[in-house]
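As structure tokens, the structure follows; a few thoughts come after it.
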Amino acid sequence: MRDASKRRMWIAGWCVLLLVFGGCTVIARRVEPPAPGSPLRAQLEELLTRVTEVPKRPHPGGYERSCQSGKSCVFGPAWTDDTDAPGGHDGCDTRNNVLAAQLTAVEFRPGTHNCVVLAGKLADPYSGENAQFAKASAGDVQIDHVYPLAAAWDMGASTWPLDRRMRFANDVQYNLLAVSGAINQAKGDRTPADWLPPAGAYHCFYAGKYLTVAVQYQLPITSDDRRVLTRIAKGCS
């Protein structure tokens, strides 16, 4: 009887540990509300009805972002102003357009017609953390393509004309966000099935941005992406 009693106490102890260490993250995920400005569940589900699906990401080859001599430069020169994307042909490069639109307390280089951002404050849209931008350490804040260029190439952009690819790469309205450099590097060219913002409160926001780009440019999502985005949508109120 004493051994049986000890066994029951041992099992009960493990159950408590499982609840504490295994269940806390689930509970936290349920009660963490979406960040302000996030889309509603109905909006995400409507976008999911409009986006096409492929079983998995193809790899046609030929993607080359670099525009150095001998390189393919498949999306045009980085941050070029010479596109028909929103903000194009305004005299400012795309990177500075994104910084100027998204940062607060922005400081511009004098004499540049507010085209060169020197400093500002970023509310990171993937983590919610505040970061200071300074041109002297510009890599601390980077510009993310929400739907990555390499993924877009694989999923259909390889068949687009160059001017459409350049618009996509410089679309400040739909596809570009200033984010923490470390987070941008961690994301790389991964899609929702393989990467989500580190802060759960921003999953709904990210899902909305990703699906909006996909619909706007008629780019598909993979079956795994759909499963992840559908799960996220269920938690967006």
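Quick note: the coordinates plus some simple rules give every number you see, no bench work behind them. Just so it is clear, the model here is predicted, and its values are computed rather than measured. Cβ coordinates were reconstructed from backbone atoms using ideal geometry, including for glycine residues, and neighbour counts include every protein chain displayed.
Remarks
- Full-stretch length increase - L118, T49 - with 0.36 nm per residue and alpha-carbon distance subtracted: 20.6 nm
- Gyration tensor (alpha-carbon) shape descriptor, the stretch 24-145, a/c threshold 1.5: oblate
- Extension gain, E64 to E107: 0.36 nm times the residue separation minus the Cα-Cα distance gives 12.1 nm.
- In percent, rounded to a whole number, the relative contact order of the stretch 90-176 is 22, using alpha-carbon pairs under 8 Å and six or more apart.
- Close amide H contacts of I221 (hydrogens built in the peptide plane, cut-off under 5 Å, sequence separation of 5 or more or a different chain): T52, E53, V54.
- Ordering P197, S237, S223 by the projection of their Cα atoms onto the charge dipole of the stretch 189-237, which places +1 on the Cβ of Lys and Arg and -1 on the Cβ of Asp and Glu, puts S237 at the extreme positive end.
- Angle between the chain longest axis and helix 2-17 axis [Cα atoms, degrees, rounded to 10]: 20
- Cα gyration tensor category, rounded, prolate or oblate, for the stretch 92-237 with a/c compared to 1.5: oblate
- Estimated purely from DSSP H runs of n ≥ 4, each contributing -39500 (n - 2.57), the mean residue ellipticity at 222 nm for the chain is -11500 deg cm²/dmol once divided by its residues.
- In a simple Cβ point-charge model (Lys, Arg +1; Asp, Glu -1; nothing else charged), the stretch 64-175 has a dipole of about 160 debye relative to its Cα centre.
- GNM result for the chain, Cα springs below 10 Å: residue of A119, A178, A105 fluctuating most strongly: A105
- Working from Cα pairs under 8 Å separated by at least six residues, relative contact order for the chain is 29 percent.
- About its Cα centre, the dipole of the chain is roughly 1240 debye, where the only charges are +1 on Lys and Arg Cβ and -1 on Asp and Glu Cβ.
- Helix 203-216 axis versus longest C-alpha principal axis of the chain: approximately 40°, rounded to the nearest ten.
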